[in-house]
1. Quickly run through the stretch 151-165 and pick out the residues that are at pLDDT 90 or above and open to solvent by less than 50 Å² (accessible area, probe 1.4 Å).
2. Return the pair list, or none, for Cβ contacts closer than 8 Å from residues in the stretch 232-249 that are modelled with pLDDT of 85 or more to residues that are surrounded by 14 or more Cβ atoms within 10 Å (Cβ to Cβ) and among the charged types (D, E, K, R), at least 6 apart or on different chains.
3. Restricting attention to the stretch 196-205, which residues are surrounded by 16 or more Cβ atoms within 10 Å (Cβ to Cβ) and modelled with pLDDT of 95 or more?
4. Out of R285, R311, I need the residue that is at pLDDT 80 or above and either under 15 Å from F255 (Cα atoms) or in a loop (DSSP other than H, G, I, E, B) (or both). Which one?
5. Kindly indicate which of P180, P193 is in contact with a Leu (Cβ under 8 Å, 6 or more places away or on another chain) and either surrounded by 19 or more Cβ atoms within 10 Å (Cβ to Cβ) or closer than 27 Å to Y253 by Cα (or both).
Amino acid sequence: MLPLGSVPLFSTADRRMKIRLTATNEQEKYEGENSKILTNAVLKITYDGSHFHGWSAANDNLPPPDDDSEEDVKKGPNGAAFLPPLNINQRSGGRRRKRGKRIPGITNIRSVEGVMKKCLAKIYGNVDPARVQVDGCSRTDKGVHAKSMIAQMYCLNDEAVLLTEEGKSSLSSIPGKRLPHPTSSTDKSLFMPLPFESNLGKMMYVLNRMLPPDVRVSAVSETPAKIDSNESGCSASVPFHPSLDTVGKTYLYTFSIGDMHDPMRWRHVWHVDGFGRDFDLDLSRKAANALVGEHDFVAFRGAFRGSERGRVQDTVC
């Protein structure tokens, strides 16, 4: 039997574990010291637009227009974009039970942007949703779905709110925009740090747990750095904006013909009744071919903003 003083305090396996733990702690300490404190991020959003009045939150919480009455709901073509509220009353076990509004319908105007801002405001610490900005690469109309809507999110700090209330719109780095816009992913001059210490994966997980079932964030990333060359040939960092830096958009229109629609796809496919007797497929193909090639889309271009006015822009594509 060995004396007490000669008994090793740690076995070989314990020593290896201790070394690994020490190395891991040093790595975490290094990563913590060198990690970025992000103030904005880019989201990829997917949503079913059946119960939304589009992307924009400009008309949120307003009463629905007159054309959204129950009679119009029944007469709406295909029914896909004109669904009734999901708060029906049902009888269960002889007692009347009222189901909650799992997905609000047409009782109030509801937008994708507004839903995103409300959930993000809670993640930021129950701030005013007006502080949270979700700039989308485009806008969708009522009942339109999106598979990969790119949007940039950030939250204004107290100083930015005060300066905005004073009417100092010159703070924005985007021409023509009233509110401040971050110049980089770490711009903390007028913007709050991202929640969860800039852990994008955790932020996406929590956000998806809070969002209603018809909206999901499928990906999140750091705002890309954008380098542009001016007229003198000098390179400079310029702010990223989803709509101004969009290089392409894809619009998909799907329809079916026959005597009945597919109940599994009825929200996302436009059904033409009567076996398609009133639908001319050849004529539709000829009309679609008219869009192939180069065309001048100046009529679809947005108005120039701020210092961009008077600038020559090629609208042929």
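The values are calculated or read from the model by the stated rules, or taken from the named source; none is laboratory data. These numbers were taken from a predicted model, which means no experiment stands behind them. Here the Cβ is made from the backbone with ideal geometry for all residues, glycine too, and neighbour counts use every protein chain on show. The area values use the complete protein model at the heavy-atom level, side chains included, leaving out ligands, DNA and RNA. Shrake-Rupley method; radii C 1.70, N 1.55, O 1.52, S 1.80 Å.
1. A151, Q152, M153, Y154, C155, L156, N157, listed by residue number.
2. Every condition considered, the pairs that remain are P239/K226; F240/K226; H241/D135; P242/D135; S243/D135; D245/K226.
3. Of everything in the stretch 196-205, those that are surrounded by 16 or more Cβ atoms within 10 Å (Cβ to Cβ) and modelled with pLDDT of 95 or more turn out to be L200, M203, M204.
4. Answer to the selection: R285.
5. None of the others qualify; the one that does is P180.
A quick yes/no check of all residues on (1) in a loop (DSSP other than H, G, I, E, B); (2) among the acidic types (D, E); (3) surrounded by 12 or more Cβ atoms within 10 Å (Cβ to Cβ); (4) modelled with pLDDT of 95 or more:
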| site | (1), (2), (3), (4) |
| --- | --- |
| A57 | yes, no, yes, no |
| E71 | no, yes, no, no |
| K101 | yes, no, yes, no |
| I106 | yes, no, yes, no |
| I109 | yes, no, yes, no |
| C119 | no, no, yes, yes |
| V134 | no, no, yes, yes |
